[in-house]
Amino acid sequence: MIKVLISFVFIFITIPVTAGMILGVHPYLDHQSIIKRFQPLANYLSFHLNQEVQIRVGHTYDDHLRTIGENEIDIAYLGPASYVKMVDNYGRKPLLARLEAKGKPVFSGHIIIRENSSISTIGELKNKYFAFGDQNSTMSSLIPKAILNKHHVSLDELSGYRHYKGHNNVALAVLMADADAGAVKEEVYEKYKNKGLKSLMKSPLISEHVFVARSNMSPTLVDKIKRLLLAMNSEEKVKLYLKPIKKSLTGLVDVKDEDYDSLRGLINLKPAAAK
Amino acid sequence: MSVGIKTKWKSYWLFLIAIMLILLVPITLVLNKIYDRDLTNSRETTKQELNLLSHLSHNLLQEGEYDQIPPLMEQWLLAYPNTHIISLKSLNNYLISEVKQGNAPEKSIKNSKVIKYGYHGEAKLTLTKSIDSLYQYFYELFYYALGIWLFTGVITTYIIYSLVKNRKENNRLEELGSQLFKTNQQLIRDQSLLKSLIDSIPDLIFIKDFNSSYMGCNKAFEKFSKYTEAELIGKTDKEFVHSELSIDNVNSDKTIINSGKAQRHEEWITYTDGSKVLLDTLRTPYYDNQGQVLGLISISRDITEIKVYQEQLESMAFLDPLTNLPNRRNLIDKINSAIEHADRKSNMFGICSLDLDGFKEVNDNYGHDIGDQVLIEFASRLKNSLRAVDTVSRWGGDEFSIIYTDIEDVEQCVNFIERLLEISLLPIVINNRNFFLSASIGLTIYPNDNSDADTLLRHADQAMYDAKIAGKNRYEFFDHEQNKILHEHHEKRNRIEQAIQDNEMVLYFQPQIHLKKGAPYGVEALIRWDHPEDGILPPIQFLPYIENHHINIDLDWWVIEQALSQLQKWSKHNIYIHMSINVTSITFQNDHFVDKLQNLFNKYSHVVPEMISFELLETTALDNLEQVSLKMKQCQNMGVQFSLDDFGTGYSSLSYVSKLPVNVLKIDQSFIRNMLNDKGDESIVEGVIKLAAVFEHYVVAEGVETIEHGIKLMEMGCHFAQGYAIAKPLPADELAKWLSFYRAPKEWCEFSPQKQSIGNSVKKNVVLFSKQG
């Protein structure tokens, strides 16, 4: 009888508070869409880690970075620009894996102009109107701004600029002559290049989106999560867990902090010191 | 036509034309007015729509959301079905978007508007709208107006005509006389035409008056009677045929005339040359305008050929064309007659179904012509071996049926059958070649087999197939018991199929534990039938009836889906547990197994494939190990695992273990149960565990019923256990409670140093079965 009573006590002590983990994602889409895309992966991790993995969507990009930096999130998903910014502000985090899309873990973009444009160098963009994408977009905002900067063209020296929603609208703005130039990712450039666009400059290759762990996670657990993510190398697993996130994904691959040095160089950040 | 009438008609037409012309003017004016008004309205509406669309487009252009322009236009087309094309082009001639619907209209209205936006943006929006429906409406309106115009004109003309008519009365008589003359001429022509028509008819036709005197006949009757019409008119049959026949004819005529009713009959007529014809004769009275009978008309048709054909067809319907034996249709009638006869006489008859052994080779080697001759000869022998009261028929091919009637006991029929077998063995000589055949005969006896004709034949046939299988050149009696069993099986299968549809099937779950850790790691899903009358039935009471049947496949998929559904429900309560599901080889080897499984995982997205393990029965015959292995690997790529169930009971254990990519071996409970008392079983269990270790498989012991079993298994190195010592199979809601409260026996915990604490064992997640784990 006493043993039963003791068991009951333990039950009520242990059940209400669950260990659980948090998978954090930046708000690149609406809340529900992100939950739907990442749920299969969260389920997979829950099963193998023997604990529930919940998805948390950041309120803003900065909020997302802060929660990662302050170790409120166990596993975080970040874009490359957000990653280098996070490391710069909060220091390195254990790297787990990065995305591989269409067989490559890197991607690039283009500065675009119209086919019949007379512009031939980045410097000639002074006094021209420029179309950027979302403010937080790596390839259509942060990197082109860095490229302009590198070529000594400040935003004030443009005749004007505007942030459009999405890469497609940037391309259309240039085609419709609402802007003289713009910045888009590779696949959008490929889509519109036969419709009257040409590339003024191609950006350097940038490492893909990345998964990181909180810095105070045990090495054993980090290693386990890393192995779980890198185990997604079969067509069936990619179809079940990664395609819902992005249709072009073909797997998850290993990653080092140095893979983001090219991006750092571009946006004038020093490589982070290894801890 | 008279001059007066011509004049009348001419003025009538002139007046009609004048009226129509006068009416034309207002109708045309009205139609024109309606057209102008509607066209103007259409143009105005189009302009308003363009303004609205340009306003919406402007907002999107202003916001830089160019990619939303095409969806806006698509929506517009749906909302305004008459819109044919919408296009938006930038100032520098870049076509931002163009959408169209439907075929190019014949008539349309096109409007454009320039939209200015942003800093210096300009785009031209063009809207093309179909007005075909407007024109369609006009065409319809035009036809209505035309109808009204014509109707009015005709009415007006009629009124005028009536007014004119009274003034022309004196012309009417002249016209009447002219018409009478024409009618008379017409009658003469009609009479001549009718005579020609009747003469052309090949049937024998004559007409008689009230006194049975001929009034006329046609050419065919002249030829038949050998008298001309002129010779017949006014005379009776007394003058042409012998008195007896003529009296009959007159009496027959009087009967028809007096009764006023037609008569029809068939009669054979013999010609003087001895040839015969069959005539179908109709005699009917004819009347005057007051309904008085004036005489009768007779029409006779030669149906001799038709009769012959009819008899031939009847013959074909009931006889086999090759052997002239009764065919199946005929046979059923004869069996029914035999049943009546046997019931009346209180005796028996036998139905035999005979199939020639070796006949196919005769056909294949010597051709169908020889085959047919063999059959004819054999049919003849059969017929000669029967009594007059018996019947032999041919069904087709080399199958015959025999009704052996009026027998007092079964032995009598058996003696007959044995004689038939001897007859079948005698060589058949065709074209100096000997053909050696034999017979397989099936037999059933009425009323021992108290069935209807069709069923008796079927039973005899079934027995014949048994004779063939048993080795041919023999006979077999129909087995009632076996037939009864077959029926029962069929009904049981139907009931099981209904039970699946009516949700009478349920899943129970038997826990499996990790022996060394003493904690649950998974469950096996087990089917039960919640029968409305008999309660919960185990699978042994219904699965054998559907083995290798398509219902088995349906049930397997039902189990798989229910298992995934249950896992999904549990996961929402934070219970993540491994589940073993039994699947039969007929289901697993189906072409679409992997795709269907993928679809289920997509449907139950909270279930991770690593949670599932399929159990394949080790005794199951797998047709193509290579294909099966490939399919297993495809499933394993998803994360699913496989185990061989009832291991040790099959005859191909080692080849399965080495060739198939299984993850687990499940030792059959029969070995586990006896291993403490039987050295042989103990050795087998130990051997399996060691074999598993060599192939790096895990081992699950089934049927662990006591604590001692568990200890022994741990000593041998077994990993997992399942059985009544742990838990019996439980319904889903009871399992959840069981997981919370389960404690491994103290003796097991003491045996193994790696036990979990009491607090951890109530944790929602359990030890998961994983090769990496």
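The values are calculated or read from the model by the stated rules, or taken from the named source; none is laboratory data. Quick caveat: nothing in here was measured; it's all calculated off a predicted structure. In this analysis, Cβ positions are derived from the backbone assuming ideal geometry, glycine residues included, and neighbour counts consider all displayed protein chains.
Listed values, structure above:
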{"item": "Qualifying residue in segment A:147-156 (condition: surrounded by fewer than 24 Cβ atoms within 10 Å (Cβ to Cβ) and within 14 Å of another protein chain (Cβ to nearest Cβ))", "result": "no"}
{"item": "Given (1) surrounded by 15 or more Cβ atoms within 10 Å (Cβ to Cβ); (2) at pLDDT 85 or above, number of the condition B:Glu266 does not satisfy", "result": "(1)"}
{"item": "Any chance B:Glu63 is away from chain A (no Cβ under 14 Å), surrounded by fewer than 16 Cβ atoms within 10 Å (Cβ to Cβ), under 30 Å from A:Asp180 (Cα atoms) and of a type in the set (Asp, Glu)", "result": "no"}
{"item": "Segment A:52-78: number of residues that are within 19 Å of A:Ala231 (Cα to Cα) and either touching a residue at least 60 places away in the same chain (Cβ under 8 Å) or surrounded by fewer than 19 Cβ atoms within 10 Å (Cβ to Cβ) (or both)", "result": "3"}
{"item": "Count of residues meeting criterion [part of a loop (DSSP other than H, G, I, E, B), among the small types (Gly, Ala, Ser) and outside the structural domain of B:Lys360 (by TED's automatic domain parsing)] in segment B:453-510", "result": "0"}
{"item": "Tabulated pairs, segment B:212-229, first in the same structural domain as B:Asp253 (by TED's automatic domain parsing) and surrounded by 17 or more Cβ atoms within 10 Å (Cβ to Cβ), second β-branched (Val, Ile, Thr) and part of a helix (DSSP H, G or I), C-beta under 7 angstrom, 6+ apart or interchain", "result": "B:Ser212/B:Val250; B:Asn218/B:Ile198"}
{"item": "Failed criterion for B:Lys33 (all others in (1) surrounded by 12 or more Cβ atoms within 10 Å (Cβ to Cβ); (2) charged (D, E, K, R); (3) farther than 25 Å from A:Ala173 by Cβ hold)", "result": "(1)"}
{"item": "Condition met for B:Gln101 (touching a residue at least 40 places away in the same chain (Cβ under 8 Å) and either surrounded by fewer than 16 Cβ atoms within 10 Å (Cβ to Cβ) or not aliphatic (A, V, I, L, M) (or both))", "result": "no"}
{"item": "Matching strands (runs of 3 or more DSSP E) fully within segment B:80-162 where at least 3 residues are within 14 Å of another protein chain (Cβ to nearest Cβ) and not polar (S, T, N, Q)", "result": "B:95-100, B:108-117, B:121-130"}
{"item": "Considering residues of segment B:566-601 that are of a type in the set (Ser, Thr, Tyr) and either over 20 Å from B:Ile553 (Cα atoms) or within 14 Å of chain A (Cβ to nearest Cβ) (or both) only, the residue surrounded by the fewest Cβ atoms within 10 Å (Cβ to Cβ)", "result": "B:Ser571"}
{"item": "Members of segment A:183-200 that are within 11 Å of chain B (Cβ to nearest Cβ) and either without any contact (Cβ under 8 Å) to a residue 12 or more places away in the chain or within 23 Å of A:Val106 (Cα to Cα) (or both)", "result": "A:Val188, A:Tyr192"}
{"item": "Qualifying residue in segment B:464-476 (condition: on the phi > 0 side of the Ramachandran plot and touching a residue at least 40 places away in the same chain (Cβ under 8 Å))", "result": "yes"}
{"item": "Evaluation of B:Leu39 against (1) among the hydrophobic types (A, V, I, L, M, F, W, C); (2) more than 14 Å from every other protein chain (Cβ to nearest Cβ); (3) in contact with a strand residue (DSSP E or B) (Cβ under 8 Å, 6 or more places away or on another chain); (4) in contact (Cβ under 8 Å) with a residue 60 or more places away in the chain (one fails), failing number", "result": "(3)"}
{"item": "Members of segment A:99-124 that are in contact with a helix residue (DSSP H, G or I) (Cβ under 7 Å, 6 or more places away or on another chain) and either under 30 Å from A:Leu242 (Cβ atoms) or buried (at least 18 other Cβ atoms within 10 Å of the Cβ) (or both)", "result": "A:Phe107, A:Ser108, A:Gly109, A:His110, A:Ile111, A:Ile112, A:Ile113, A:Arg114, A:Ile122"}
{"item": "Pair list, Cβ under 9 Å, 6 or more apart: segment A:166-179 residue at positive phi, other residue assigned to a loop (DSSP other than H, G, I, E, B)", "result": "A:Gly166/A:Gly133; A:Gly166/A:Asp134; A:Gly166/A:Ser137; A:Gly166/B:Glu65; A:Ala177/B:Leu91; A:Ala177/B:Asn92; A:Ala177/B:Tyr94; A:Ala177/B:His120"}
{"item": "Pairs where the first residue, in segment B:624-643, is touching a residue at least 24 places away in the same chain (Cβ under 8 Å) and surrounded by 18 or more Cβ atoms within 10 Å (Cβ to Cβ) and the second is charged (D, E, K, R) and not in a helix (DSSP H, G or I), C-beta under 9 Å, 6+ apart", "result": "B:Gln641/B:Lys771; B:Phe642/B:Glu615; B:Ser643/B:Glu615; B:Ser643/B:Lys666"}
{"item": "Elements of type strands (runs of 3 or more DSSP E) in segment B:348-444, at least 3 residues being within 23 Å of B:Asp333 (Cβ to Cβ)", "result": "B:348-357, B:391-396, B:399-407"}
{"item": "Check on B:Ile560, among the β-branched types (Val, Ile, Thr), buried (at least 19 other Cβ atoms within 10 Å of the Cβ) and within 14 Å of chain A (Cβ to nearest Cβ)", "result": "no"}
{"item": "Qualifying residue in segment B:553-570 (condition: at positive phi, of a type outside the set (Lys, Arg) and within 29 Å of the chain's Cα centre (by Cα))", "result": "no"}
{"item": "Number of positions in segment B:536-560 that are over 14 Å from B:Pro731 (Cα atoms) and free of Cβ contacts under 8 Å to residues at least 40 places away in the same chain", "result": "12"}
{"item": "Among the candidates B:Lys712, B:Lys633, B:Lys659, residue that is at pLDDT below 90 and among the basic types (Lys, Arg)", "result": "B:Lys659"}
{"item": "Failed item, numbered, when B:Arg387 is tested on (1) surrounded by fewer than 19 Cβ atoms within 10 Å (Cβ to Cβ); (2) over 26 Å from B:Phe318 (Cβ atoms); (3) more than 35 Å from the chain's Cα centre (by Cα); (4) not small (Gly, Ala, Ser)", "result": "(2)"}
{"item": "Segment A:157-169, subset in a loop (DSSP other than H, G, I, E, B) and under 10 Å from A:Asp134 (Cα atoms), residue nearest to the other protein chains (Cβ to nearest Cβ)", "result": "A:Tyr164"}
{"item": "Yes/no for B:Ala467 being crowded, with 18+ Cβ neighbours inside 10 Å and at pLDDT 90 or above", "result": "no"}
{"item": "Single residue of segment A:28-38 satisfying the filter (touching a residue at least 24 places away in the same chain (Cβ under 8 Å) and outside any loop (DSSP other than H, G, I, E, B)) that is nearest to A:Leu229 (Cα to Cα)", "result": "A:Phe38"}
{"item": "Verdict on B:Lys254 being outside any loop (DSSP other than H, G, I, E, B), of a type in the set (Lys, Arg) and under 46 Å from the mean Cα position of the chain (by Cα)", "result": "no"}
{"item": "Qualifying residues in segment B:722-737 (those that are away from chain A (no Cβ under 14 Å) and part of a helix (DSSP H, G or I)) - the one surrounded by the most Cβ atoms within 10 Å (Cβ to Cβ)", "result": "B:Leu735"}
{"item": "Set A:Ala173, A:Ala131: member being part of a helix (DSSP H, G or I) and within 9 Å of another protein chain (Cβ to nearest Cβ)", "result": "A:Ala173"}
